[in-house]
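The values are calculated or read from the model by the stated rules, or taken from the named source; none is laboratory data. These numbers were taken from a predicted model, which means no experiment stands behind them. Counting neighbours? That spans all protein chains shown, and the Cβs are built from the backbone with ideal geometry, glycine included.
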Amino acid sequence: MKADHFEQQKLLALADEDVALTQLAHRRRTLPEVAAVEAAAEAERRFAEAEVRAETEVRDLDREQKRLEADVDTVRQRAARDQSRIDSGSATAKEITSLQSELQSLARRQSDLEDQVLEFMERRETADAALVAAQEGRAQAAAERERAEQLRDDALADIADSTARHEAARAEVAAGLSAPLLALYDRVKAQTGATGAAVLKARQCQGCRIELNGRELAAVRNADPHEVVRCENCGRILVRTAESGL
Ligand SMILES: [Zn+2]
């Protein structure tokens, strides 16, 4: 294939744009801001789960404590009734003995229940503290996620801007190339996965960094300046300049 020697030089500008676009695509894929958003969102989820667990615990303890307090009331009322029966003076000696024995067991029961209420109150305090910690943690993680999202969006917008700029620059260069040369460049680019052309500098293909051997060098040296020559190693179009070492 033949293409004007000066037109071939433009392939280097095209390759530069492709390198820039590849780097931008890589940056978008590996953006640390994306990982930061995911980490913050994960922390937020964990705190939200802890919050639900703490809320459930607080509700359960409240219910249990109310039940215990009701039991304490029942025992107190029963004891008061027994006591007023004794105080009324109308009970027989046998009844009084039985009532006094019941009062003793009611007192033990009440004391047990009150101990349990205290224990529940302590557990409730612990659960309350856990709930507050989970709520605060979640709020903090949410704020952190929002901050990370903003940073990620800024970075993505920056990448989108640069990409648009380089795409426009590439289109401008491509518009100055003949269709067959551009088609060849694009075909080679698809094969290398990077660029379709490279400069030959000091006898070395700058695409694959392999130095041309004597036979290849002679072939390139003897080729017409308008002939399109390619690297035998990587397949790129070799663009010859004054620095090619020919
Ligand atoms: Zn090469």
Practice task
Look at Glu172 and say whether it is without any contact (Cβ under 8 Å) to a residue 24 or more places away in the chain and within 16 Å of the ligand (Cβ to nearest atom).
Solution key: no
Fill in the blank from the handout: Of the residues in segment 35-81 that are surrounded by fewer than 16 Cβ atoms within 10 Å (Cβ to Cβ) and within 30 Å of His166 (Cβ to Cβ), the one that is farthest from the chain's Cα centre (by Cα) is Ala35
Practice task
Would you mind finding the one in Ala169, Ala190 that is surrounded by 16 or more Cβ atoms within 10 Å (Cβ to Cβ) and of a type in the set (A, V, I, L, M, F, W, C)?
Solution key: Ala169
Handout entry: Residue in segment 175-183 that is in a helix (DSSP H, G or I), under 29 Å from the mean Cα position of the chain (by Cα) and exposed (fewer than 14 other Cβ atoms within 10 Å of the Cβ) present
Key = no
Fill in the blank from the handout: Conditions (1) more than 10 Å from the ligand (Cβ to nearest atom); (2) on the phi < 0 side of the Ramachandran plot; (3) touching a strand residue (DSSP E or B) at 6+ places or on another chain (Cβ under 8 Å) -> Arg187 fails only (3)
Handout entry: Condition check for Asp115: loosely packed, with under 12 Cβ neighbours inside 10 Å, out of contact with any helix residue (DSSP H, G or I) (no Cβ under 9 Å at 6 or more places or on another chain) and over 12 Å from Glu44 (Cβ atoms)
Key = yes
Practice task
May I ask you to list the residues in segment 211-240 that are closer than 26 Å to Leu182 by Cβ, part of a loop (DSSP other than H, G, I, E, B) and within 13 Å of the ligand (Cβ to nearest atom)?
Solution key: Leu212, Cys231, Glu232, Asn233, Cys234, Gly235, Arg236
Completion exercise
Contact list, first residue from segment 200-214 and free of Cβ contacts under 8 Å to residues at least 24 places away in the same chain, second anywhere and of a type in the set (A, V, I, L, M), beta-carbon distance below 6 Å, six or more apart or interchain, is Gln206/Ala198; Gln206/Val199
Completion exercise
Within segment 195-210, the count of residues that are in a loop (DSSP other than H, G, I, E, B), within 11 Å of the ligand (Cβ to nearest atom) and surrounded by fewer than 23 Cβ atoms within 10 Å (Cβ to Cβ) comes to 4
Practice task
Under 7 Å between Cβ atoms, at least 6 apart or on separate chains: pull out the pairs that start in segment 90-106 with a residue that is farther than 14 Å from Gln77 by Cα and end on any residue that is basic (Lys, Arg) and part of a helix (DSSP H, G or I).
Solution key: Ala91/Arg85
Problem - Test for Gln204: is it touching a strand residue (DSSP E or B) at 6+ places or on another chain (Cβ under 9 Å) and polar (S, T, N, Q) - result: yes
Fill in the blank from the handout: Arg138 vs (1) over 30 Å from Ala40 (Cβ atoms); (2) touching a Phe, Trp or Tyr at 6+ places or on another chain (Cβ under 6 Å); (3) charged (D, E, K, R): all pass except (1)
Completion exercise
Restricting segment 155-169 to residues that are touching a residue at least 12 places away in the same chain (Cβ under 8 Å) and under 23 Å from the mean Cα position of the chain (by Cα), the one farthest from Ala36 (Cα to Cα) turns out to be Ile159
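Across segment 1-25, which residue is modelled with the lowest pLDDT among those that are among the small types (Gly, Ala, Ser) and more than 20 Å from Leu156 (Cβ to Cβ)?
Pass one, segment 1-25, residues among the small types (Gly, Ala, Ser): 3, 13, 15, 20, 25.
Keeping just the survivors that are more than 20 Å from Leu156 (Cβ to Cβ) gives 3, 13, 15.
Values: Ala3: 94, Ala13: 97, Ala15: 98.
Step by step, filter segment 1-25, then rank; the result is Ala3.
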